[in-house]
Structure formats: C-alpha cells, structure tokens
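Here the structure comes first, spelled out in structure tokens, and everything after it is commentary.
The values are calculated or read from the model by the stated rules, or taken from the named source; none is laboratory data. These figures come from a predicted structure and were not determined experimentally. Backbone-built Cβ (ideal geometry, glycine too); neighbour counts: all protein chains shown. Accessible surface is based on the protein model in full, side chains and every heavy atom, while ligands, DNA and RNA are left aside. Shrake-Rupley method; radii C 1.70, N 1.55, O 1.52, S 1.80 Å.
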Amino acid sequence: NYCYEYVNMYNFNLYGDPALNPAGYPWGIPDEDVLSGSMLSIAGANPYSTGTTAALRLASDSQVELTLFDITGRETAKPFTGFLPSGVHQIPIGGTNSRGEYLPVGTYILQAVTEAGCSSEKLVLIR
C-alpha cells in the first residue's frame, strides 16, 4: 500500500492544513456516525519535546503502517506497523528515529496508511 496523498508542507498551520481536512474537523476525532472512514489526529501535545500520542480511528479492521517523515520527505521512524481492529487507537510517538537517536528540532509529517487509504498530520518537535 503506497500513499499518494498530497501534503503541502509549506502551507500547514499549527493545527493542520484546512485544505486537507474537507470535513472541517480541526481537532480530535469526530463521532463514529459522522465519519465512516479512517482518520488520524494528534491526541497529545503538538508541538512536543519528548513524545506525543497519535489517535487513529479505523472504521474497519485493517493493516496499519504509521511512518514519520522529516520536512524533506525522508523517512525517520516507523512508530507502528501491524494489524489493528476497528475503533480508536492511541499510539505513542517518540522524539527518536528508528535507530533510537534523538531527532533534530523541526517539522515532521506523521502518515497513516491503512487498507482504506491514508491520512497525514503535521508534528512540530521542540526541545
């Protein structure tokens, strides 16, 4: 599953780009009866310094791959890869890369790829 979702990294505000959020949900995850697909949001602190939490809502059971990219599009970490049942899941996002090294301060994109599609959120790492 490869995600071709367009991410405009230069026009993001702190809470995400409204153009990528046509349903108009600026924070959190809407009620199940409002949204029938999958949705990724940041449930913890953003900006964050040591770690935060991603909330992933799945409308159905799915294989899931969460990937953290730096602003240049380079993969820095894979916080989660595996199968998840439908529902809302809290997934911790740390401040380290796949080798356990601290990530530099900056802007990152967290991308969730599921069998239903993909979703992205901007994260800002501070120290």
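A compact table of results
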{"item": "Search result, residues across the stretch 51-64 that are assigned to a strand (DSSP E or B) and either aliphatic (A, V, I, L, M) or open to solvent by 60 Å² or more (accessible area, probe 1.4 Å) (or both)", "result": "Ala54, Ala55, Leu56, Leu58, Gln63, Val64"}
{"item": "Candidates Thr107, Thr50 - the one that is of a type in the set (Val, Ile, Thr), modelled with pLDDT of 90 or more and under 21 Å from Arg127 (Cα atoms)", "result": "Thr107"}
{"item": "Every pair of residues 6+ apart whose Cβ atoms lie under 7 Å, when the first sits in the stretch 87-113 and is at positive phi while the second is open to solvent by 20 Å² or more (accessible area, probe 1.4 Å)", "result": "Gly106/Ile71"}
{"item": "Residues of the stretch 90-113 classified as within 12 Å of the chain's Cα centre (by Cα) and open to solvent by less than 60 Å² (accessible area, probe 1.4 Å), total", "result": "8"}
{"item": "Matching residues in the stretch 74-86 - criterion: being part of a loop (DSSP other than H, G, I, E, B) and touching a residue at least 24 places away in the same chain (Cβ under 8 Å)", "result": "Pro85, Ser86"}
{"item": "Subset tally (residues that are farther than 22 Å from Arg127 by Cβ, modelled with pLDDT under 90 and not small (Gly, Ala, Ser)) for the stretch 57-87", "result": "2"}
